[in-house]
Structure formats: C-alpha cells, structure tokens
1. Quick check on the exposure proxy: order 126, 118 from fewest to most C-beta atoms within 10 angstrom.
2. Ratio of alpha-carbon Rg to the 2.2 N^0.38 Å globular estimate for the chain, to two decimals, please.
3. Running a GNM on the chain with Cα contacts under 10 Å, which residue among 208, 128, 95 ends up with the highest mean-square fluctuation?
4. Please list, by residue number, everything in region 96-136 whose backbone N is under 19 Å from a paramagnetic label point 7 Å out along Cα→Cβ of residue 143.
5. With a cut-off of 8 Å between alpha carbons and a minimum separation of six or more residues, what is the relative contact order of region 125-189 in percent?
6. Could you check what % of the DSSP bridge pairs in the chain are antiparallel, to the nearest 5?
7. Got the relative contact order for the chain handy, in percent, Cα pairs under 8 Å and 6 or more residues apart?
8. Take the alpha carbon gyration tensor of region 1-137, find the square roots of its eigenvalues, order them as a ≥ b ≥ c, and report rounded if a/c is under 1.5; if not, report prolate when a/b exceeds b/c, else oblate.
C-alpha cells in the first residue's frame, strides 16, 4: 500500500512563511510521498517560491510537483523550477518518475495541462491563429502526458495535472469559465494510457471527486476547496481488475485543530 499526500493551489507569497510547515512536518507519519498539483506561488515570483521551498524543508518524504498557471505569471517559471529543485523537489512537466516504495513501484507522470473545455461544450482548433494556438497547446501537453503514462511499467500509475481533466471536479465554478479550468483532452489521454488515480487543482470552487469516462478516479485537491493542509490517498490496486480502493483522510485546516476526518470510498 502506497499513501500519497496531495495538495494544490497553496499560492505562497512573500508573507506566507510558517503557514503550513507545522502540518507538513507531521506528514511522514501518514504518507509515503507528497505531490503538489500546481499554483505553488501567487505570481511566479522567485522570492515567493523561495518561501515555499523553505517551508517544504520540514517534509520528510519525497516531494513531486508540477507548476500551475500562477507559477507562469511573472515569466520566470524556469527560475521557479530551479528554486524548488535546489531543495530536492522533483518538478515534472511532460515528464515521469518511477519511485520504488514498499517493494513496489509508483510511477507519476505530470503536466500543467491547459484549457479548452469539456465534451459537448469545448473549443476547437478552428478560425484565428490565436484560437488554434490555444487548442494546439492543450493537444500537445495531453499527447505528451499520454506518452509518458503509457511508458510507465509500474505497479501504480498516478497522473498529476494542474488543469482539470473532467467536468465533474469543476462543478461549483461559474459555467462561463469552464473552458479555462481544464480540458477533456487530458482525460482522453489518461484513459488511453491508463492510470490508477488522477490528481489536479486549479478549480478553487469546484468539487473534490470525479471520474474519467473509463472510471479512473479524479481528485481535485485545491487548498481553497479542501480547506485542509493536504489529502491522503491510500492506493490499493488490484492487478487483474480495473478497480481501485481509496482510503481518504484529510488533515485539519491550518486555522483549526489537527484532528482528521476519515472517509472510505470503495
């Protein structure tokens, strides 16, 4: 059993020091790995990510992260990545990593992803060059995610995106902004390649749980939605069936006590 701690949209700024360290410092007692699904900073300022990187020093398990749209805002995403990697954080963008754990292997493929909308109400690569470029970007990132996931030969496969791959987990947001929250192309890539769990963020007012067309579980772990320092997913994969048993536990919100609310999902 591999336990994954997950969060997204922590949006660190230069005055965020100490905000989550006390919660993350205890993480090793309940998780084996920590994944962050983008929007690590408020504006992608290297000074912001330095604060986050220092905060992450208390984490005693491997950390895997992707960047989100906020991390690109200052056009310094390369520096954001460097600052994280200096502290030992593994940053993925169209890349994968395989981690041996408890005698098994966990493969993680990550991409920021991009928008375009969901089946029945989505944009297409038609018309102006700007519109074509918008959709081509999503297509390229989705195709790379599919390729990376397909190449994984691991006991467990986790897809990590910032933008949502399914409409289920953006429900609660304004309909007008759905095309800017994610794309069905990400879900098609994941369904084609296969995965045991998909973790994303971005949709602050969305819904926590969803599934792809092929019933792969999707979890929106945006901090403003969960209002907790991280979620825990215990993956129990049955090799001969396309099933997953997930035990989910959430640590208390940073401004409340540290009791956990445990829910089991079959």
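1. On the way: 126 8, 118 21.
In order of increasing Cβ crowding within 10 Å: 126, 118.
2. Relative to the rule-of-thumb radius for its length, the chain sits at 0.94.
3. 128
4. 96, 110-117, 123-127, 129-136
5. Normalised by residue count, the contact order of region 125-189 is 34 percent.
6. 55
7. Once normalised by length, the contact order is 18 percent.
8. Working: a/c = 2.32, a/b = 1.44, b/c = 1.61.
It comes out oblate by the Cα gyration axes.
Quick note: the coordinates plus some simple rules give every number you see, no bench work behind them. On a predicted model such as this, the values are computed, not experimentally measured, just so you know. Here Cβ is always computed from backbone atoms with ideal geometry, including for glycine, and neighbour counts include all displayed protein chains.
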